[in-house]
Protein chains: 2
Amino acid sequence: MSSYGQFCPVAKAMELLDERWTLLVIRELLAGSTHFNDLRRGNPKMSPALLSKRLRTLERAGVVRRELHDGRSSYTLTPAGEELRPVVEGLGAWGIRWIGSLGEEDLDPHLLLWDIHRTIPLEVWPSGRTVLGFEFADVAPRIARWWLCVTDGDVDVCDADPGFDLSATVTTRLRTMIRLWRGDLRWPGALKEDLVSISGVAARDVPLWLGHMKLAAVERPA
Amino acid sequence: MSSYGQFCPVAKAMELLDERWTLLVIRELLAGSTHFNDLRRGNPKMSPALLSKRLRTLERAGVVRRELHDGRSSYTLTPAGEELRPVVEGLGAWGIRWIGSLGEEDLDPHLLLWDIHRTIPLEVWPSGRTVLGFEFADVAPRIARWWLCVTDGDVDVCDADPGFDLSATVTTRLRTMIRLWRGDLRWPGALKEDLVSISGVAARDVPLWLGHMKLAAVERPA
DNA sequence: CTGTATCCATGGCGATACTG
DNA sequence: CAGTATCGCCATGGATACAG
């Protein structure tokens with residue numbers, strides 16, 4: 001966080017915000033994560049030491065507030081931090097418009113399921129228990145199969161078979177599933193071209209159940 | 001520019017944009033600078049090697065376009081780069097609202113005059129030549145005196161006496177002048193409290209001539 | 001669960017000089 | 001004017017282990 005030697009407000013903002021991981025931590029807080037390990041789950045490649053350091057810096061800067069509730073610490077955004085929402089959303093909108101290509105290293109199934117799990121449109125899922133399976137064709141067997149268990153408004157991500165009956169199973173390449181989630185690819189077209197297949201009694205409902213990430217709605221450049 | 005290992009558009013955007021100086025270079029391009037040395041003037045503490053590297057990275061990313069006009073290279077933003085304007089403006093608005101305190105190292109008179117020189121409201125200046133002097137009380141003598149020469153829509157910054165008659169001279173601390181320029185402080189109050197004094201025949205017009213930086217209009221938190 | 005403590009390698013970046 | 005070239009430091013941050 002060394003100084004740029006400028007009085008310009010953009011420079012002063014960037015002194016705090018342009019350090020590696022910082023805005024991604026804020027993105028997680030904006031998304032509603034409040035606990036240390038949730039923040040880690042949203043940024044799995046960030047070391048805990050560095051996360052701790054970033055949180056402390058943001059707290060000193062008045063962007064993050066740390067509180068202790070029955071021995072558990074929780075992190076929330078102050079009004080100053082909350083005001084970074086348009087900036088982070090603007091960066092996301094820009095990113096999805098202009099950074100189209102994803103490298104292999106960007107395709108993390110855990111991150112995909114974690115993101116799906118927290119923005120899923122629960123209101124369109126049936127009541128009772130619904131289990132949705134994923135099978136990714138092109139990743140290591142150990143992390144190729146995932147389950148989403150939705151039980152009366154509660155969502156769980158499993159990387160091991162929970163044992164319940166499956167309402168449907170989605171089979172595709174991880175890259176394809178991520179492109180669908182990001183809105184780079186549309187469900188009808190992907191199904192028609194056999195880029196993805198859905199089996200099970202509730203196969204027709206899966207696209208509706210999953211939806212897209214919020215930024216998927218951003219228009220793309222012509 | 002190492003990868004975050006995430007498909008999230010915010011993360012992909014930050015892979016490119018969170019490197020030191022990058023968004024400040026883009027800020028300069030958004031402000032209208034097109035030549036290498038103009039970009040340097042806007043970021044005087046950035047080494048030319050690093051500026052060169054950043055420009056190349058941004059060009060590869062499709063954000064900056066480099067062109068040669070009669071042997072002079074010029075840099076302009078592509079549509080993708082131009083679309084970063086709301087992000088940079090958002091960061092500036094956030095910065096001026098929430099990062100109030102400026103360190104001594106942020107108070108660069110050259111940067112102040114350079115910024116004034118390019119956003120000055122020429123339409124309210126008289127026709128013919130007008131010369132405005134600055135005297136900063138609290139900086140090293142070598143960089144304490146500056147002149148702004150406005151000649152029929154052309155603005156020049158001088159760090160040596162141009163020799164013309166002065167329409168007015170502004171005398172104040174550099175910090176105070178910067179606070180006025182940023183809109184942290186208002187001219188009437190500063191004059192009344194003798195934080196700044198203006199001498200010369202056109203003394204009354206100086207606040208109007210100078211105006212403020214654009215972000216000065218941003219409302220501050222209560 | 002919520003972090004701290006250490007260690008270490010890397011390479012980013014600052015400084016300076018120089019060139020066509 | 002518009003950059004390259006070179007050098008070397010040190011801080012950043014990645015990895016891992018461990019602790020209250």
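Working from label points 7 Å from Cα in the Cα-to-Cβ sense, the residue A:101 to residue B:161 distance is 6.0 nm. In a DSSP loop and with at most 14 other Cβ atoms within 10 Å, the trypsin sites (Lys or Arg not before Pro) in segment A:164-196 are A:186.
Legend: residues B:7, A:36, B:164, sorted from most to least accessible area (1.4 Å probe; ligands, DNA and RNA excluded), read B:164, A:36, B:7.
On a 1.4 Å probe surface of the protein chains, which of A:18, B:194 comes out largest in accessible area, and what is the full order? Don't skip to the end; give the middle numbers.
Working: A:18 15, B:194 125 Å².
Ranked list, largest accessible area first: B:194, A:18.
Backbone phi angles across segment A:197-208, fed through the Karplus curve with coefficients 6.51, -1.76 and 1.60 (θ = phi - 60°), yield HN-Hα couplings of 10, 10, 10, x, 5, 9, 3, 5, 8, 4, x, 5 Hz in residue order; Gly and Pro are listed as x. For chain B, the calculated P(r), taken from all Cα-Cα distances in 5 Å bins from zero up to the bin holding the longest distance, is 1, 6, 12, 16, 17, 15, 13, 9, 6, 3, 1, 0, 0 percent.
Largest accessible area first, the listed residues A:68, A:111 line up as A:68, A:111 when surface is computed with a 1.4 Å probe on the assembled protein chains. Computed from the C-beta positions of residue A:50 and residue B:203, the FRET efficiency with R₀ = 51 Å rounds to 0.40. Contact order for chain A, expressed relative to its length and based on alpha carbon pairs under 8 Å spaced 6+ residues apart, stands at 15 percent. Can you tell me the 0 to 90 degree angle between the C-alpha axis of helix A:109-119 and the longest principal axis of chain A, rounded to 10? The angle comes out at about 80 degrees.
Taken over segment A:9-98, the convex hull of the Cα atoms encloses 104 Å³ per residue. Across peptide A:14-26, the mean count of Cβ atoms from other chains lying within 10 Å of each residue's own Cβ comes to 5.
For the interface of chains A and B, what total accessible area is buried with a 1.4 Å probe, rounded to the nearest 100 Å²? Intermediate results must be reported in sequence, preceding the final value.
Values: alone 12850 and 12850 Å², together 20920 Å².
The summed interface area works out to 4800 Å².
Quick one: helix B:48-60 against the long Cα principal axis of chain B, what's the angle to the nearest 10°, folded into 0 to 90? Compared with the principal axis, the helix lies near 50 degrees.
Over all distinct Cα-Cα pairs of segment A:104-217, the Kirkwood formula returns a hydrodynamic radius of 14.1 Å.
Evaluating 6.51 cos²θ - 1.76 cosθ + 1.60 at θ = phi - 60° for every residue in segment A:141-153, the Karplus couplings come out as x, 4, 10, 8, 10, 9, 10, 10, 10, 10, 10, 6, x Hz, glycine and proline recorded as x.
With N residues in segment B:1-55, what two-decimal value do you get for its Cα radius of gyration over 2.2 N^0.38 Å? Don't skip to the answer; put the middle values down first.
Numbers: Rg = 12.6 Å, N = 55, 2.2 N^0.38 = 10.1 Å.
Relative to the 2.2 N^0.38 Å estimate, segment B:1-55 comes out at 1.25.
Remark: for residue pairs A:12/B:214; A:214/B:12; B:45/B:214; A:45/B:12, the C-alpha separation exceeds 20 Å in B:45/B:214. Note on residue A:45: accessible area is roughly 130 Å² with a 1.4 Å probe, heavy atoms of protein only.
Round to the nearest 0.05 the FRET efficiency obtained for residue A:144 and residue B:31 when R0 = 51 Å and r is the Cβ-Cβ distance.
Numbers: r = 50 Å, r/R0 = 0.97.
E between residue A:144 and residue B:31, to the nearest 0.05, is 0.55.
The value for the protein assembly as shown of Rg(Cα) / (2.2 N^0.38 Å) is 1.20.
The values are calculated or read from the model by the stated rules, or taken from the named source; none is laboratory data. Fair warning: this is a prediction, and the values are worked out from it, not measured in the lab. All Cβ positions, even for glycine, are placed from backbone atoms using ideal geometry, and neighbour counts span all protein chains on display. Side chains are part of the model used for accessible areas, which takes the heavy atoms of the whole protein and leaves out ligands, DNA and RNA. Shrake-Rupley method; radii C 1.70, N 1.55, O 1.52, S 1.80 Å.
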